[in-house]
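Below: one structure, written as structure tokens.
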Amino acid sequence: MDSCEFSQIEQQLSPVFEQHGYEAQKLLQILLDVQEIYSFIPDEAITYIANLLSVSRVSVKAVVDFYSFLSFKSVGEYRVLFSDNITDQMLGKNELMQYFCKKMWLEPGKVSEDNLLSVDSTSCTGMCDQGPAALVNGWPLTNLDQQRLDLIAKLIRDRNPVSTWPAMLFEVKDNIYRSEILLGKPSVAGAAIKATLERGVAATLSEIEASKLRGRGGAGYSTANKWSSCRTSPGTAHYIVCNADEGEPGTFKDRVLLNSYADLVLEGMTIAAKIIGATQGFLYLRGEYRYLRRKLEEVLAQRRTAGLLGRSILGELGFDFDIEIHLGAGAYICGEESALIESLEGKSGRPRNRPPFPVTHGYLDQPTVVDNVETFACVSKIAEYDSAWFTALGTAQSSGSKILSISGDCARPGIYEYPFGVALYEIFDDCGAEDVHAVQVSGPSGTLVSCKEFRRRICFEDLPTAGALIIFNRERDILQVALNSAHFFAYESCGFCTPCRVGTQLQKKIIDKISDGYGTAYDLEELKYIGHIMRTMSHCGLGHTAANQVIDMLDKFPDAYKNKLKKLVFEPAFDLDRALEKARKITGRDDKLAHFP
Amino acid sequence: MSKNFTLDGKVISFKDGQTIMDAALTAGVYIPHLCHNPKFIPHGSCKLCIVNVNGRNMTSCTMPAGNGMVIENNTSALNDDRKALVQMLFVEGNHTCPSCEASGNCKLQATAYYLEMLSPHYTHFYPPRTVDASHPDIFLDLNRCILCELCVRASRDVDGKNIFKISGRGIGSHLVVNAESGKLGDTNFAVTDKAARVCPTGAILIKRRGYKTPIGHRIYDHKKINEIQAESDHE
Amino acid sequence: MSEDRKIKLATCSLAGCFGCHMSLLDIDEKLFPLLKKVEFDRTPFTDIKKCGSCDIGIVEGGVSNVENVHVLKEFRKHCKVLVAMGACAITGGVPSLRNNIDLWDCFQEIYLYEGGLEGSQIPNDPELPLPLDKVYPVYEVVKIDYFLPGCPPSADTIWKFLTDLIAGREPKLSYEMLHYD
């Protein structure tokens, strides 16, 4: 781009500032818009933004440098990012990406010389039930095949704006195959708030306590306890945050909840606001789901009109609450609640030191409740009905239902809501999974389950999950599952603490070495110890769980790596012959002594 | 009534608001650490100071002390794991001790000695990093940066200059300088700044001072870092 | 170890400066009692070209080229116990400072730009050992049993280490003997 174009930067960016305002917390939202305008963040814009927000240039740059969807250099007029989850790979992602790059005469990760296009991989985009998937300029492409890529290639070559592309390319289906209390009987918007007001705040909190509701993001902390602590924490303001940063590969149930059950979620947030005394709420929507934003804004507008948001909700004086959507920008770590709060404040998503916890010191250091999308939906239902109705489903320590996002080797990938306590083998029948060899429960950070364990149950007592369930049949290479997750964590580690920042890299190197056929028994021991260091020494959940798939593979799937290992005790850490490639090129030598056998 | 916890069996008293590290340092007990310096807001990133509290690992520099805590610190299991962390820091950067002015006065090196590290063990990353010699009085050698953010904190909280910041993500995290050029020479960084004297390694070095102290007289030549720590908190 | 048979010891320097070997010689008069127990195989002192079957192998220097790899593998094959001695063997050391300079730039600087080499060109003689893309520590190429850090380790350190090893003790270095510079 010509530098003279940036002389108009003020003019070009003024609508962006008009929309977002001049608070430093809006930095990330502003940067996302700037990225969209220029396909990168120009240096001139950095100076301009820094001045207007009264922050240092280097703080702005640090944020750009942290998030995958922001860049200092142009990513082209069109940026196609192929979702790199193991499910996408199983559906042919690598081959399709290669096909597309070849067609466009382009190397992955590079921008074409005419600045038209760049192609790369990105972490799971949450379309595992309709992959292989990709994002084009942030909009989701589903069910990709060669035919669709041919069409996309033509659209890009003809420079058709993405907004004019055929709608079928962007079609995202809900694929709900099984419903219980959340996805079943629809609720009337406002019914749960009305019930809350009639019952009273304290009684509603007691009802939530009696429901034994636990957070649906995976950790399973008691919702009532969290809300009670937040409610009694002193502060100048209290905040409600809905964690819709559904980044765990293989999870897509929040996508469906937000698409078709948004009222249920927003209503739960509103009830939470009434209980803890918040007037401001945020919905932190992962960047990959920005296509849902317009629809969500419409629901928010409808709710304001209906008196379900805004001032004096349902006519109750002093019950003021509104919700703002905040977009993420490609960072798995922002699913961690304190990193999410940092991101909400417009900063890089690095997890905070805890204590203090968000319930006392959250957004802007004020008491904040951060809960998962599904948790808020549960709250709506509990408020509308009662705790007994809710606890009628589930197990002793896991009341209610769990929405599962099922993908991988099954006939009907999609959304399944089960009472807690359902056994894995029961699920296989429902989704049409045959010859199952392994299941990844709760994504790469969860558990890799072998066929000996298929009687295990989905619940906090046994197999807790944020909702992902990926099925692998006997044809699948479990080493690739572990490798995919090792690469994922190496890419997504925020870099704050030593064990995770370095450990995830070392883990990746060793898994690659084994996959390339150079691993030895020594490398297995190394993987175990590095896994131990990450699990016990890391700063947050990302590091604590980053070795889970690798360790589970080592423990439960020896066939996946045994035949790949060298019989020797030790093999070099790197490929000796490849290390000579450069010198061979420079000297033009190709004799016997210029190679390692 | 005074509050206390036990650290490796020793009873240590603390005041409300103190972290485990604060209380231990006050009592003259060494817990290995690199990113911590009692004069600055705790950071908690190096994880060297992890101790085992009632069976759970906790970062002692950020964890508030609690009455009755039973804490393990100087155990062979924890020290082995800490050694692994130091080894990770060594392979992550380019730490060529023989050619570093900070050798003998370096906390990373001294901690490695304390933990009896004989080799960095893991595969070296040999990352391409830069040396910034643009400032008349100070070198910034990012090969040796361990991302402890002590200079970031010192410049922000003591010098009031905000010269440093961590940018990037994951293994790409790196220290950046707040100047349009990105060069230290284009900032108002001064040799008298606190931030010029807090680096635990040789990443920030004052020029024309190199090798002034002969081998044998450097901070850690004869005394272990835990003994030095017990005497006073040097920087 | 029986009294009658001497310990066979081999040493070599890969990408190093021979400083560690100089330090080994610095053991001075204490070398004499040591030599009663030790017999040198391949070392720079004996001019033996091929490493025979040895009890202990000591490697100085990092792995910078093809020849270094071959020598190192030969040592690993023939030595029961292999010791990495010095900063270069353990971390790549000073030679590894080239690791962030492109190999092409290194070649150009040495063979094309350096003064006094008019009409020079990059050599391609198969006799010359081809350099690796980077200088690597020895433990990334073969399994290493013991590490003896220092640049160089002092004569006393080497002596303590060797006497421990020869006596069948786990080598233990005092605080002042353990250093990386």
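Within segment C:159-170, the set of residues being surrounded by 19 or more Cβ atoms within 10 Å (Cβ to Cβ) and either in contact with a strand residue (DSSP E or B) (Cβ under 7 Å, 6 or more places away or on another chain) or within 11 Å of chain B (Cβ to nearest Cβ) (or both) comprises C:161, C:165. Going by the structure shown, is residue C:132 surrounded by 14 or more Cβ atoms within 10 Å (Cβ to Cβ), outside any helix (DSSP H, G or I) and away from chain B (no Cβ under 14 Å)? No, not satisfied.
Pairing each residue of segment B:115-131 that is facing chain C (nearest Cβ under 7 Å) with any residue that is buried (at least 16 other Cβ atoms within 10 Å of the Cβ) and at pLDDT below 95, provided the two are 6+ apart or on different chains, yields C-beta distances under 8 Å for B:123/A:573; B:123/A:574.
Evaluated against (1) free of Cβ contacts under 8 Å to residues at least 12 places away in the same chain; (2) buried (at least 24 other Cβ atoms within 10 Å of the Cβ), residue A:371 falls short on exactly one condition, (1).
Within segment A:196-219, track down each residue that is of a type in the set (A, V, I, L, M, F, W, C) and either in a loop (DSSP other than H, G, I, E, B) or farther than 17 Å from residue A:391 by Cβ (or both). Of everything in segment A:196-219, those that are of a type in the set (A, V, I, L, M, F, W, C) and either in a loop (DSSP other than H, G, I, E, B) or farther than 17 Å from residue A:391 by Cβ (or both) turn out to be A:197, A:201, A:202, A:213, A:219. Residues that are more than 14 Å from chain B (Cβ to nearest Cβ) and at pLDDT 95 or above number at least 2 in the following helices (runs of 4 or more DSSP H) confined to segment A:511-560: A:548-556.
Count of segment A:235-276 residues, restricted to those that are more than 28 Å from residue A:128 (Cβ to Cβ) and either without any contact (Cβ under 8 Å) to a residue 12 or more places away in the chain or in a helix (DSSP H, G or I) (or both), is 7.
Every test in (1) farther than 30 Å from residue B:127 by Cα; (2) touching an Asp or Glu at 6+ places or on another chain (Cβ under 7 Å) is passed by residue A:432 save one, and that test is (2). Within segment C:103-117, no residue satisfies the criterion of being of a type in the set (D, E, K, R) and either within 7 Å of chain A (Cβ to nearest Cβ) or in contact with a helix residue (DSSP H, G or I) (Cβ under 8 Å, 6 or more places away or on another chain) (or both). Number of residues in segment B:152-169 that are within 13 Å of another protein chain (Cβ to nearest Cβ) and more than 18 Å from residue B:88 (Cβ to Cβ) equals 10.
At least 3 residues being farther than 26 Å from residue C:127 by Cα is the threshold, and among the helices (runs of 4 or more DSSP H) wholly inside segment C:1-83 those reaching it are C:19-25, C:31-37. Filtered by the rule that a residue be buried (at least 19 other Cβ atoms within 10 Å of the Cβ) and in contact with a Pro (Cβ under 9 Å, 6 or more places away or on another chain), segment B:15-32 gives B:19, B:20, B:21, B:22, B:25. Of the helices (runs of 4 or more DSSP H) contained entirely in segment B:46-154, those carrying at least 1 residues that are within 24 Å of residue A:539 (Cβ to Cβ) and of a type in the set (Ser, Thr, Tyr) fall at B:76-92, B:107-114. For the condition under 21 Å from residue B:123 (Cα atoms), among the polar types (S, T, N, Q), touching a Leu at 6+ places or on another chain (Cβ under 7 Å) and crowded, with 24+ Cβ neighbours inside 10 Å, residue A:515 does not qualify. Taking the conditions (1) more than 10 Å from every other protein chain (Cβ to nearest Cβ); (2) in a loop (DSSP other than H, G, I, E, B); (3) touching a residue at least 40 places away in the same chain (Cβ under 8 Å) in turn, residue C:120 satisfies each one other than (3). If you go through segment A:50-100 and pick out every residue that is within 14 Å of chain B (Cβ to nearest Cβ) and either over 22 Å from residue A:290 (Cβ atoms) or touching a Phe, Trp or Tyr at 6+ places or on another chain (Cβ under 9 Å) (or both), you end up with 16.
Elements of the type strands (runs of 3 or more DSSP E) sitting completely within segment A:398-452 and holding at least 3 residues that are modelled with pLDDT of 95 or more, more than 27 Å from residue A:378 (Cα to Cα) and not charged (D, E, K, R): these cover A:436-441, A:447-450. Checking every residue in segment B:203-214 against the condition of being within 18 Å of the chain's Cα centre (by Cα), under 25 Å from residue B:25 (Cβ atoms) and part of a helix (DSSP H, G or I) gives zero matches. Remark: pairs (first residue in segment C:68-93, at negative phi; second residue surrounded by fewer than 23 Cβ atoms within 10 Å (Cβ to Cβ) and of a type in the set (Asp, Glu); Cβ separation under 7 Å; 6+ apart in sequence or on different chains) = C:80/C:55; C:81/C:55; C:81/C:145; C:82/C:145; C:83/C:145. Go through segment C:47-81 and count every residue that is surrounded by fewer than 13 Cβ atoms within 10 Å (Cβ to Cβ), at pLDDT below 95 and not small (Gly, Ala, Ser). Matching residues across segment C:47-81 total 3. Taken together, the residues in segment B:159-189 that are over 17 Å from residue B:128 (Cα atoms), among the aliphatic types (A, V, I, L, M), in contact (Cβ under 8 Å) with a residue 40 or more places away in the chain and not in a strand (DSSP E or B) amount to 1. Taking every residue in segment A:380-398 that is under 13 Å from residue A:264 (Cβ atoms) and assigned by TED's automatic domain parsing to the domain that holds residue A:193 and pairing it with any residue that is in a loop (DSSP other than H, G, I, E, B) and of a type outside the set (Ser, Thr, Tyr), at least 6 positions away or on another chain, the pairs with Cβ-Cβ distances below 7 Å are A:381/A:181; A:381/A:182; A:382/A:213.
The values are calculated or read from the model by the stated rules, or taken from the named source; none is laboratory data. On a predicted model such as this, the values are computed, not experimentally measured, just so you know. Please note: Cβ atoms are built from the backbone with ideal geometry, for glycine as well, and neighbour counts cover all protein chains shown.
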